1. Please work out which residue is nearest to residue 64 (Cα to Cα), limiting yourself to segment 281-312 and to residues that are in a helix (DSSP H, G or I) and out of contact with any helix residue (DSSP H, G or I) (no Cβ under 9 Å at 6 or more places or on another chain).
2. Condition first: in contact (Cβ under 8 Å) with a residue 12 or more places away in the chain, in contact with a strand residue (DSSP E or B) (Cβ under 7 Å, 6 or more places away or on another chain) and surrounded by fewer than 22 Cβ atoms within 10 Å (Cβ to Cβ). Now tell me which residues in segment 78-107 satisfy that.
3. What number of residues in segment 166-185 are touching a strand residue (DSSP E or B) at 6+ places or on another chain (Cβ under 7 Å) and at pLDDT 90 or above?
4. How many residues are over 23 Å from residue 283 (Cβ atoms) and in contact (Cβ under 8 Å) with a residue 24 or more places away in the chain if we restrict to segment 310-338?
5. Return the residues of segment 343-357 that are assigned to a strand (DSSP E or B) and in contact with a helix residue (DSSP H, G or I) (Cβ under 6 Å, 6 or more places away or on another chain); say none if nothing qualifies.
6. Answer yes if at least one residue in segment 40-55 is in contact with a strand residue (DSSP E or B) (Cβ under 7 Å, 6 or more places away or on another chain) and at pLDDT 95 or above, and no otherwise.
7. Please tell me if residue 153 is touching a strand residue (DSSP E or B) at 6+ places or on another chain (Cβ under 6 Å) and within 15 Å of residue 398 (Cα to Cα).
8. Got a sec? Which of 302, 239, 247, 229 is over 25 Å from residue 58 (Cβ atoms), more than 20 Å from the chain's Cα centre (by Cα) and modelled with pLDDT of 95 or more?
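The values are calculated or read from the model by the stated rules, or taken from the named source; none is laboratory data. What you see is a predicted model; the values in this text were computed from it and never measured. Here the Cβ positions follow ideal geometry from the backbone for every residue, glycine too, while neighbour counts run over all protein chains shown.
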């Protein structure tokens, strides 16, 4: 499709800008967007996808993932007067009528900024499968890899900082779906230890800019025949990776990864653990235009000694989360940044013989702060023992649709994978509109 024809079609109204993107996506992204004029039978499978649109309430997302299956009964959905409560007690928060676990006293002071979601429910009760569906909205399959939300945001909107990746993952998780079937350029930058930042990103001592450019030109010349012979998107992605790396090497915003620039009292407030420092790094990145940052905190798989392990995990979470929300609010960033705390499933209401709680996808919780959500609110509830969702059940697809809705992403836009299979950003997930202010 040449430039002149594109212009004529757009001006004549025969093709919308969205359809124009659909026609050109396969060459630009290695995938196809199913435009309005191409929909027909292939789109029938996605008739249940939400067609709701809104002006985005969030520009950025900081996604705090509690890996292992966080106990809802000992964090966000504490019960009283029943055996399933165990020894955990609820405490009041800064929001009237909202209570959280006694293990989250600092976060309790920030609940006027957020909404508790106590009605999540999944059909995936194993770690890898639960982790996958929470990140992608799709069940794990051996034949395809689906994209995580940060990759969808990159494809649909881009933006952010032109010299830094728009999608960053802080932590250690080899199971992360990353870019899925999108090109490698949409993958997150993985930062295993926030204390170390990004290693080996500067030129070697003694290597001048002139010599560096000469070496890159030689490498480009040597690769030219290979690229011409194998015109595959993965080959192009490898070349793009070099270009992006060089751009990042020269970026003044690389200092965002240097936590030593922060005052000691600020760093201490976030907690000395990798998770807390990861939350601090996330704040520094969104300040500089990075749009989706995920920070992981493991150790929630409490089959044994639940009432010893959960308080320890909560202490780490409490420092990092409360400092992040307060810090974003004080800098005027919370209104445009959606902070999401979630996990792959909850833990059993019944306490096992090892004083632990086992996997329980039927009911669990999440918490959302900023980014246009209501402050001091609760969405959904479980029964008095925390066994069943009693009101406003929310599936992983619905939670992801809610995040995408906050970002202003098109929930019904069909995208074809390279294998010509159609997908939408949150499958048939429906956004929970009541969560928004």
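1. Our first condition is that a residue be in a helix (DSSP H, G or I); within segment 281-312, this holds for 281-287, 306-312.
Next, from what is left, pick out any that are out of contact with any helix residue (DSSP H, G or I) (no Cβ under 9 Å at 6 or more places or on another chain): 308-309, 312.
On the way: 308: 22, 309: 19, 312: 17 Å.
Checked segment 281-312; the qualifying residue nearest to residue 64 (Cα to Cα) is 312.
2. Scanning segment 78-107 gives 88, 90, 91, 92, 93, 98, 99, 102, 105.
3. Total meeting the criteria: 7.
4. At the first step, the residues of segment 310-338 found to be over 23 Å from residue 283 (Cβ atoms) are 310-312.
Now narrow it down to the ones that are in contact (Cβ under 8 Å) with a residue 24 or more places away in the chain: 310-311.
Looking only at that region, the number is 2.
5. Result: 346, single match.
6. First, pick out the residues of segment 40-55 that are in contact with a strand residue (DSSP E or B) (Cβ under 7 Å, 6 or more places away or on another chain): 42-43, 45-46.
Next, only the ones that are at pLDDT 95 or above stay: none.
No - not one qualifying residue is present in segment 40-55.
7. On the way: touching a strand residue (DSSP E or B) at 6+ places or on another chain (Cβ under 6 Å): yes; within 15 Å of residue 398 (Cα to Cα): no.
In short, no.
8. On the way: 239 fails: modelled with pLDDT of 95 or more; 247 fails: modelled with pLDDT of 95 or more; 229 fails: modelled with pLDDT of 95 or more.
The match here is 302.
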